[in-house]
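Peer 1: Before I ask anything, here is the structure I am working with.
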Amino acid sequence: MTSFRSPLHRRALLTGSLALTGTLALSACGSSDSDGSGAASGRTRTVKTAMGDVKVPEKPQRVVVLDTAELDSAITLGVKPVGSTHVEAESGFPGYLPKDKVSGIKDVGEMLNPNMEAIAALDPDLILTSKIRHAAKYDQLKEIAPTVMTETTGFPWKENFQVHADAMGKSAEARKVVADYKAHTEKVTTAIGGPAKAAQTKVNIIRFIEGADIRLYGEQSYIATLLKDVGLGRAPISAEAKDGFSYDLSPEKIDLADTDVIFQSTYGDPKKAKQTQTVGSSLWKNMKAVKSGNVHTVEDELWIQGIGYTAAAEILDEMQADLTKK
């Protein structure tokens, strides 16, 4: 297998490894942040990942992320990656992220097909991704730098965030992020009338997707966790989602998605995603949520693609604004 490490990089890692012989490796779970001076010190910690235990620098300095969730985690924790993949060539990095936080990050290719040479050229000391995205590329990636993979993305985003935080040596910062999120969800719940009112408000999330059926999100999805944390109710159909993730609809069955409130997004061309024909149909126009003015169009890049706490903060603000409109 081809190694992308430079000889100098390999020697540095070997030196660090020898220096650590006999040292007790701490697992990411339950380990405390150290006051070490960073990757240059040669000290490492052990992080539990979907691919087994991985030794990472105590304080990584050059992080590469290979999906939007990992990018969100890094930015949320005050880390600017040296490299990141993109989801669409035209859009670059997610637009909801502050421009100054993503400027200067090297684009290392499309998310499902990252450029290994571009990644190696950045000489990273940590790579963050998930098994569902890049398991087949794990052997190549770990030759470049310690690679921390979560099992999947989306629904277990909170658990994944903790793994990312542990890997980057940012556990203390992560605790504050989680506390701020909890306070934010409570603020939204109060704004929309309190827990009882929230629970009585049934919500569906639907996504029009170019080249695919209309998707209604179930309980095992990122966006559903935000609804749950605010205390919002869900329409019964959401429980019928395949594997808990989503339920596919055709334009001819869109009325199955009807409920008190609908948030809708579109991925790709609206016509090719069947959004145009659906919202122009009599079925759509006769839906309760449509008639009551409780269908809210949201940005797909933020609500669906932007998995993480920075995305969540913006989504919660928009959710509050939409649900408190007079």
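No value in this document is a laboratory result; all are computed from the given coordinates. This structure is a prediction, so every number in the text was calculated from the model and none was measured. Note: ideal-geometry Cβ built from the backbone for every residue, glycine included; neighbour counts use all protein chains shown.
Peer 1: Extension gain ASP317-SER250, at 0.36 nm per residue separation less the Cα-Cα distance, in nm?
Peer 2: Full extension from ASP317 to SER250 adds 21.1 nm.
Peer 1: To the nearest 10 degrees, how steeply does helix 7-19 sit against the main Cα axis of the chain, on a 0 to 90 scale?
Peer 2: Orientation of helix 7-19: about 80 degrees from the principal axis.
Peer 1: A follow-up question, please. Under a 5 Å amide H to amide H cut-off, with H placed in plane at 1.01 Å, what residues pair with LEU126 once short-range neighbours are removed?
Peer 2: For LEU126, the qualifying residues are ARG62, VAL64.
Peer 1: With a 10 Å radius around each residue's Cβ, average the other Cβ atoms per peptide and rank 197-207, 183-193, highest first. Mind showing how you got there, number by number?
Peer 2: Details: 197-207: 19.7, 183-193: 15.6.
Going from most to least packed, we get 197-207, 183-193.
Peer 1: Right, here's the next one. Return one quarter of the surface area of the convex hull spanned by the alpha-carbon atoms of region 177-323, equal to its mean projected area, in nm². Could you put the intermediate results ahead of the total?
Peer 2: Numbers: hull surface 32.1 nm².
Answer in nm², one decimal: 8.0.
Peer 1: Here is a follow-up. Give me the percent of DSSP beta bridges within the chain that run antiparallel, rounded to the nearest 5.
Peer 2: Details: 16 of 40 bridges.
Beta bridges within the chain, antiparallel portion: roughly 40 percent.
Peer 1: Can you give the FRET efficiency for ASP243 and LEU283, using 1/(1 + (r/R0)^6), R0 = 41 Å, r = Cβ-Cβ distance, to the nearest 0.05? Provide the component values of the computation, followed by the final result.
Peer 2: Numbers: r = 27 Å, r/R0 = 0.65.
Efficiency, from the Cβ-Cβ distance: 0.95.
Peer 1: Give me D for the chain in µm² s⁻¹, whole number, from Stokes-Einstein with Rh from the Kirkwood sum over alpha-carbon pairs, 4 °C and 1.567 mPa s. Each step should come with its number before you reach the end.
Peer 2: Values: Rh = 21.1 Å.
Estimated diffusion coefficient is 61 µm²/s.
Peer 1: Enter the Cα centre distance for the pair region 261-309 and region 187-258, rounded to the nearest angstrom.
Peer 2: What the calculation gives is 12 Å, centre to centre.
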